[in-house]
Amino acid sequence: MGGIIPANAQVNVTQEQNNLSRNGLYIDSAFTPSAAASLARDLNFNGTISGNVYAQPLYIENGPGGASMVIVVTESNNVYALNAVTGTVIWQRNLGTPVSSGLPCGNISPLGITSTPVVDLASRSLLIDAMVDGATKKHFVSSLNVDTGATKPGWPVDVNATATYNGTSFTSLVQNERAALGLINGVVYVPYSGHAGDCGTYHGWVVGVPINNPSNVGAWATTAIGGGIWGHGGIASDGTNIFVITGNTFNTGGTWGGGEAIIRLQAGPIFSGNPADYWAPTNWLSLDNGDIDVGGCGAVLIDVPGATPSQLVLALGKDGNAYLLNRNNLGGITAPVASANVDGVIHGQAAATYRTGQGTYFVFRASSAVSAYRITATNPPAIVPAWSVSQSGRGSPWVTTTDGTNNAIVWVVGSDSGGDQRLHGYNGDTGAVIYAGGGTNELMANTRKWNTGVVARGRVYFAGDNKVYAFKVPGGTPTPTPTPSATPTATATPIATPTATPTPTPTPTPSATATATATPTATPSGNRCHRQMTIDHTKVPSTQSNFTVLVNVTDPALKTIVNGGHVANANGYDIGFY
């Protein structure tokens, strides 16, 4: 049984809400409350694009020429890599004509790329689902080189032609792809719902495409008609298992068929059908009949130290309820571990979660308010109100902290037609206003419902129609330094799987060791401080071409950081190990 590994300080934002747990948490030492209060739009950032945007941007470093990039996708099927400092276009691709007519229902036009894509840093691949017009309207899953925009060999994948489940074939015409993609152990998982209006014989689908073998497509679908995966957060994972939440189904005859539920899938995707791998409330049929989706929000995985159970998954529904389940054993059709009425109709968005010295919280937006609730460290855990503030619009929240737990700030944009088109920041423990939206320069335009922003190197990026906006705290400037994102560890599954026997590690042959002497001064770079070292190679025999450099780390907080890890120290520096 494993928990979610807390995120170390990281820079690359490769996916929705910055983490497979979909916690929406960003660690950036620049975002102190005083600095955040002085946030201002960077008017030198161009950010001009073409198309409507429902998807979260991504942030990728070490692009062409060492540039940092903001990746953004639009409903016009345009894909952009923008320079993260200037906002100018590094490369742009169009993935085909979007669909502007001929759908049985829906409220997005044109319909092209709706959901947040995902990046595999190891292969520098950008994975995207696009709806493309033609004699047959189809969903295609593409893999692009994130540095050039070039399509990778074997792609795109025609989902119509490749996805089937138990005799049911995928029909793009009635399926929409609103929810974020997830990349888990080399397989990109794409969740599907229907169109607004619930027309046609659509299903909730999860399609899996191995990124190194795209012809080997796997799929799972709800048995009943309906059961779409609607929430912006889409695929959540502990690093092995896949969690999605479905909406209402139709014409079930009283037999549950995958709707109104949290579903846990294994790699493939494969659904066992065991009660441990799904949960639906006992009133699921009543919710079905009222079009009241349990899946009003994407799944969020939450660990609560001291609670029993402590490894949880959160669902937020259109019925105004929050549900907590044991993600190691969902339990079937039964009462949840904990639930609470949190008011408001919750649908389409993503939630966020964070931990401070005051406890573990989740936060969401509904009914013209941003609301935070605390999960108690008890047996069983309970959901208790923390704070709520009035907030117009329909944006999804995200959270910054300076070190993982301190100075938590909840951010949300007053997006969509009913919002004020401004960025807002609230104290994560109290809800007190930290950033009230700025002045004339900070006003955005045509931001879309459900969307969320990203944080990197003292900056916030948020995308609206035809425009990406950049905001920065004093001194916030991107610098190209690669850092891998943390990977959640797996929760246990009730299905027995073989356990690999560890292979003994050979004992290395001792060799001469060079000494490293740190220079007396450090070389700063952005928010980083790099310590230079001089190698005394004279202590290595001339016949030896390889040697080891030993670095003695005395700070106990740093001794636990592995290669690729990062930690923000008390002085605000981001220390990385490579």
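In a reduced charge model with +1 at each Lys and Arg Cβ and -1 at each Asp and Glu Cβ, segment 1-121 shows a dipole moment near 120 debye about its Cα centre.
Could you tell me what fraction of 2.2 N^0.38 Å the Cα radius of gyration of segment 263-409 comes to, as a two-decimal ratio? Present the calculation step by step, with values, prior to reporting the outcome.
Details: Rg = 15.3 Å, N = 147, 2.2 N^0.38 = 14.7 Å.
The reported ratio for this selection is 1.04.
Close amide H contacts of residue 178 (hydrogens built in the peptide plane, cut-off under 5 Å, sequence separation of 5 or more or a different chain): 193. Kirkwood hydrodynamic radius (Cα pairs, Å) of segment 102-161? Mean inverse Cα-Cα distance, inverted, gives 12.6 Å.
Rg to Rh for segment 16-472: what is it, with Cα atoms only and Rh by Kirkwood?
Numbers: Rg = 20.4 Å, Rh = 21.7 Å.
Reported Rg/Rh, Kirkwood definition of Rh: 0.94.
Once divided by 2.2 N^0.38 Å, the Cα radius of gyration of segment 4-97 becomes 1.20.
Per the Debye calculation on segment 166-318 with a single equal scatterer at every Cα and no solvent contribution, log₁₀ I(q)/I(0) for q = 0.18 Å⁻¹ amounts to -1.03.
Based on the alpha-carbon set only, what is the convex hull volume of segment 103-217 divided per residue, in Å³?
On the way: hull volume 12.3 nm³, N = 115.
Looking at segment 103-217, the number lands at 107 Å³ per residue.
3J(HN,Hα) along segment 329-341: 7, 5, x, x, 8, 6, 6, x, 4, 8, 8, 7, 7 Hz, from the Karplus curve 6.51 cos²θ - 1.76 cosθ + 1.60 with θ = phi - 60°, whole Hz, x for Gly and Pro.
In this structure, the amide hydrogen of residue 203, modeled 1.01 Å from its nitrogen in the peptide plane, lies closer than 5 angstrom to those of 226, counting only residues at least 5 positions away or on a different chain. Once backbone amide H atoms are built at 1.01 Å from N, residue 340 has 322 as its partners under 5 Å, excluding neighbours fewer than 5 places away on the same chain. Taking Cβ atoms as reference points and 11 Å as the exclusive limit, the residues near residue 294 contribute a net charge of -3, counting Lys and Arg as +1 and Asp and Glu as -1.
Its Cα centre serving as origin, segment 81-217 has a Cβ charge dipole (Lys and Arg +1, Asp and Glu -1) of approximately 120 debye.
Ordering 113, 149, 40 by the projection of their Cα atoms onto the charge dipole of segment 16-472, which places +1 on the Cβ of Lys and Arg and -1 on the Cβ of Asp and Glu, puts 40 at the extreme positive end. Summing Lys and Arg as +1 and Asp and Glu as -1 over all other residues whose Cβ lies under 11 Å from the Cβ of residue 15 gives a net charge of -1. Computed over neighbours whose Cβ is under 11 Å from that of residue 96, the net charge equals +2, Lys and Arg +1, Asp and Glu -1. On the beta carbon distance between residue 44 and residue 107, with R0 = 56 Å, the FRET formula returns roughly 0.95.
Each Lys and Arg adds +1 at its Cβ and each Asp and Glu adds -1 at its Cβ; summed about the Cα centre, segment 16-472 shows a dipole of about 460 debye.
Work out how much length residue 345 to residue 199 would gain on full extension: take 0.36 nm times their residue separation and subtract the Cα-Cα distance, in nm to one decimal. List each step's numbers first, then the result.
Values: separation 146, 0.36 × 146 = 52.56 nm, distance 2.14 nm.
Result for the pair: 50.4 nm of gain on full extension.
Take each peptide in 378-391, 17-30, count the other Cβ atoms within 10 Å of every residue, and average; sorted highest first, the result is 17-30, 378-391.
Once the Cα-Cα distance is subtracted from the 0.36 nm per residue extended length, the residue 212 to residue 445 segment shows a gain of 79.9 nm.
Taken together, the values in this text are just the output of simple stated rules run on the coordinates, not laboratory data. Bear in mind that the values here come from a model prediction, so they are computed numbers and not experimental data. All Cβ positions, glycine included, derive from the backbone under ideal geometry; neighbour counts span all protein chains shown.
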